[in-house]
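The structure appears right after this line, and notes come after that.
The values are calculated or read from the model by the stated rules, or taken from the named source; none is laboratory data. Please read these numbers as outputs of a predicted model, since none were measured by experiment. Here the Cβ is made from the backbone with ideal geometry for all residues, glycine too, and neighbour counts use every protein chain on show.
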Amino acid sequence: MEETKVTQAAHEAERKTVRRTMPTQMSRLRVFANSPAPHFESGFGRIAETRMKGLPILNPRIRVKADNFRRWGNDWIGTVTTPWAVIVVYACGCRESWVDVPAGEVRTLELPAGDFPFLGCRDALLGDYLMLSLVSPVTEFEDQAAAEAVAEIALRTIFTVPEDEKFGTNYDTEEEGTPIPPLTPPVAGRKVIPIRAAQTAGPFRSRAAGSSPAWRRERTNDRCWCHHRRPAARAGVPSR
């Protein structure tokens, strides 16, 4: 009888603990309808003045600056420079579609330039967000302008599709690396109808070891599409 009372008391204490912690856990996720740059600039600024103050890895020439934030799907992505690191931050813009990532775990985000490993972060001041470290420490930067330039260039590169994956360019090649031959000039008085050669069987081409295959899903802002590697050759066929 006594054991039953103890068990019931333990279960009741557990339920109370869950009720107390659930709002705290939910409150860590900040949903941003507008750019989260002011939130992260203010938050990292306070961290620089408290937790990080006096550490030898700090560069006194660099200050906290959150910039370059843009929409990516439902969420936000931008950069933050601090006296100890330059990072890319991925923040929630829609609670329903946000993928929860425990602190210290990695979520791979598929961006135009490739797949990037973002680290899950949970902070009492900043809330839940994902982080990709670009430079740490930043002791070699001469000034603030250099740090901000690195952040801007890095984000622009992340959002740039590699030349060999763009549509409608001359960068498409066969799997063996042979350039696509130009169309043969038409015979006088005849038209040429360009057609695509039938695709041959075989494995898809990969960009690099460990990267996404040639068939991959690209996303940009509110648009998304899927693409496949283009056929290996074209031919001109005279019309009748």
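Values as computed for the structure displayed
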{"read-out": "Residue check for Arg107: touching a residue at least 24 places away in the same chain (Cβ under 8 Å), in contact with a strand residue (DSSP E or B) (Cβ under 6 Å, 6 or more places away or on another chain) and not aromatic (Phe, Trp, Tyr)", "value": "no"}
{"read-out": "Residue within segment 128-135 that is among the polar types (S, T, N, Q) and without any contact (Cβ under 8 Å) to a residue 60 or more places away in the chain present", "value": "yes"}
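A quick yes/no check of all residues on (1) of a type in the set (A, V, I, L, M, F, W, C); (2) closer than 17 Å to Pro38 by Cα; (3) crowded, with 17+ Cβ neighbours inside 10 Å:
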residue	(1), (2), (3)
Lys65	no, yes, yes
Arg71	no, yes, no
Phe141	yes, no, yes
Gln144	no, no, no
Pro162	no, no, no
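Every residue, every condition in (1) more than 30 Å from Arg61 (Cα to Cα); (2) outside any strand (DSSP E or B); (3) at pLDDT 95 or above, yes or no:
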| residue | (1), (2), (3) |
| --- | --- |
| Cys94 | yes, yes, yes |
| Val101 | yes, yes, yes |
| Phe116 | no, no, yes |
| Tyr171 | yes, yes, no |
| Leu183 | yes, yes, no |
